[in-house]
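The values are calculated or read from the model by the stated rules, or taken from the named source; none is laboratory data. All of these numbers come straight from a predicted model, not from anything done at the bench. Please note: Cβ atoms are built from the backbone with ideal geometry, for glycine as well, and neighbour counts cover all protein chains shown.
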Amino acid sequence: MTDTLRRLHPALNELVAAVRDAVGVRADWATTADLVADQLRRRLPTPAMLTPEQRLGDPDRARGHILHVEPDSSFSVLAVVWRPGQGTRIHDHTTWCVFGELQGVEHEILYDENLNPVGENAQHVGEVSGFAPPGDIHRVCNQAATTAISLHIYGTDVSRLGSSVRRYYD
């Protein structure tokens, strides 16, 4: 599947090469997240790189589509489709993460280690954010009446781990 998507979507291939170079610097996680975010800002694709089926999402929950896993497991690229009202539980991550908004608006609530809300962000089309543990506890949701799609890059092989989530909080 990854090879087919690479052939069909040169933008993805170009992004993967740029992320590979950024990760290859072998910096700490926070710096790597910044370097990868810079590359994603320069190369943020449109939802057109996804198949029509991938853009539909899932009626029951946000749906992730793995678009690329680096052969050395150093990073993964996913498209996440959020239908209206869908969101995550409060969680943190096993590694750095960078995400860019392809369609719609996502709302993020940030929490401190005691699960007190410490900030909110609205991620609009074209915006890119990134972070690295610790200090990455958040919840993401689509509060709009339209579908949102974001591109996520995680510093791990999510196909092997099943997710980049380290733990969920109640």
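Would you confirm, using the coordinates I've provided, whether A17 is free of Cβ contacts under 8 Å to residues at least 40 places away in the same chain and either within 14 Å of the chain's Cα centre (by Cα) or farther than 20 Å from Q103 by Cβ (or both)? Answer is yes for this residue. Highlighted here are the strands (runs of 3 or more DSSP E) found entirely within the range 93-166 that include at least 1 residues which are hydroxyl-bearing (S, T, Y) and touching a residue at least 60 places away in the same chain (Cβ under 8 Å): 128-131, 148-154.
For Q39, indicate whether it is modelled with pLDDT of 95 or more, polar (S, T, N, Q) and in contact with a Cys (Cβ under 8 Å, 6 or more places away or on another chain). When the stated conditions are applied, Q39 does not pass them. The number of residues in the range 86-116 being more than 28 Å from A22 (Cβ to Cβ) and in contact with a Leu (Cβ under 7 Å, 6 or more places away or on another chain) comes to 1.
Take the residues in the range 149-170 that are among the aliphatic types (A, V, I, L, M) and over 22 Å from R42 (Cβ atoms), then tell me which one is surrounded by the most Cβ atoms within 10 Å (Cβ to Cβ). So the residue we want is V158. Being of a type in the set (V, I, T) and under 16 Å from V165 (Cβ atoms) holds for only one residue in V80, V128, and it is V80.
Contact map, the range 22-51: residues that are in contact (Cβ under 8 Å) with a residue 60 or more places away in the chain paired with residues that are not hydrophobic (A, V, I, L, M, F, W, C), Cβ distance under 6 Å, separation 6+ or inter-chain. Pairs shown: V23/S74; A33/G130; A37/G130; L40/G100; L44/G100; P47/R55; P47/Q103. Looking across G135, G85, G104, one residue alone is farther than 16 Å from L12 by Cβ, crowded, with 18+ Cβ neighbours inside 10 Å and over 13 Å from the mean Cα position of the chain (by Cα). It is G104. Taking the options V140, V118, name whichever one is buried (at least 19 other Cβ atoms within 10 Å of the Cβ) and at negative phi. Result: V140 is the single residue among V140, V118 that is buried (at least 19 other Cβ atoms within 10 Å of the Cβ) and at negative phi.
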